[in-house]
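The values are calculated or read from the model by the stated rules, or taken from the named source; none is laboratory data. Not measured: the values here are computed from a predicted model. Cβ coordinates were reconstructed from backbone atoms using ideal geometry, including for glycine residues, and neighbour counts include every protein chain displayed. Surface areas here come from the heavy atoms of the whole protein model, side chains and all, with no ligands, DNA or RNA. Shrake-Rupley method; radii C 1.70, N 1.55, O 1.52, S 1.80 Å.
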Amino acid sequence: GENVEQHPSTLSVQEGDSAVIKCTYSDSASNYFPWYKQELGKGPQLIIDIRSNVGEKKDQRIAVTLNKTAKHFSLHITETQPEDSAVYFCAAIADQGAQKLVFGQGTRLTINP
Amino acid sequence: DSGVTQTPKHLITATGQRVTLRCSPRSGDLSVYWYQQSLDQGLQFLIQYYNGEERAKGNILERFSAQQFPDLHSELNLSSLELGDSALYFCASSVSGAANTGELFFGEGSRLTVL
């Protein structure tokens, strides 16, 4: 089955700097890679996703890159703001067994003012 | 507000007991997923229901069971509770029966503490 590894587990950056979170996956059949943000006391919320037919996707200050050959994908947040502080989860899923979205362990991102 | 409602928000109980967690999906969503989030752990998939039928099972213990009712709300039953079952239990819903066709909408979770 799919296994998703996420690094780092904690990340602290200065406000205005960039943050990068990296994930690797094991199942080469995986073709959908969402990122979820979990704020304190809340459930995870989708912030961006990418499918295997593209290598990069941007939405304002956030972007995701995908390297299918190396089986890794990354979340990039630029011009970080205090409200970006949260736990971020990557996930991966293949068409077969497409109910089992497998999440990484999460990255606790702290933005220091 | 995701539109997914989970009750209770907090629950404290003793080992050996049984509890029921309830989830009401977003209006129109047919799929309900249950996830367990333990301390310092990611989200572990437990089980999914689609329109009343079990669609997929993850690492769900035999002491746990779930069902989805005709009105599409779902309940997760946890029995013979152990200390290690203490966790945050999330319910998520989606329109389709597959988690790769769009966003999963998560509730705020039910925090279970087993003493």
Subject >> Carbon and sulfur %, accessible surface of chain A computed with the full protein complex present, 1.4 Å >> reply: 45 percent
**OP:** Please give every one of the lysines within straight-line cross-link reach of A:Lys58, meaning a C-alpha to C-alpha distance under 27 Å, and leave out same-chain neighbours fewer than 8 residues apart.
**Re:** A:Lys22, A:Lys37, A:Lys42, A:Lys68, A:Lys71, A:Lys100
Original post:
Taking the highest mean first, how do the peptides A:101-107, A:25-31 order by number of other beta carbon atoms within 10 angstrom per residue?
Top reply: A:101-107, A:25-31
Original post:
Once phi is turned into ³J(HN,Hα) by the Karplus curve 6.51 cos²θ - 1.76 cosθ + 1.60 with θ = phi - 60°, what whole-Hz value does each residue of region A:59-69 show in order, with x for glycine and proline?
Top reply: 8, 6, 8, 10, 8, 10, 10, 10, 10, 5, 4
Original post:
Taking chain A as a Gaussian network, where each spring joins two C-alpha atoms under 10 Å apart, which residue of A:Ala92, A:Ala19, A:Ala70 fluctuates the most?
Top reply: A:Ala70
Subject >> Amide proton proximity set for A:Ala86, modelled H, under 5 Å, gap of 5+ >> reply: A:Leu109
Subject >> Interface area, A with B, accessible, probe 1.4 Å, both sides summed, Å² nearest 100 >> reply: 1800 Å²
Subject >> Karplus (6.51, -1.76, 1.60) ³J(HN,Hα), θ = phi - 60°, over region A:27-39, in Hz, Gly and Pro reported as x >> reply: 8, 5, 7, 4, 9, 9, 9, x, 10, 10, 10, 10, 7
**OP:** Please list the non-local residues whose amide H lies under 5 Å from the amide H of B:Ala66, H modeled 1.01 Å from N, same-chain partners needing a gap of 5 or more.
**Re:** B:Asn77
**OP:** Show me B:104-110, B:31-37, B:67-73, A:72-78 ranked by packing, highest mean number of other Cβ atoms within 10 Å first.
**Re:** B:31-37, B:104-110, A:72-78, B:67-73
**OP:** Quick one: grab Rg to one decimal and Dmax as a whole number for the protein assembly as shown, Cα atoms only, in Å.
**Re:** 17.4, 50
**OP:** Whole Å is fine, so just give me how far the alpha carbon centre of region A:32-91 lies from that of region B:23-102.
**Re:** 23 Å
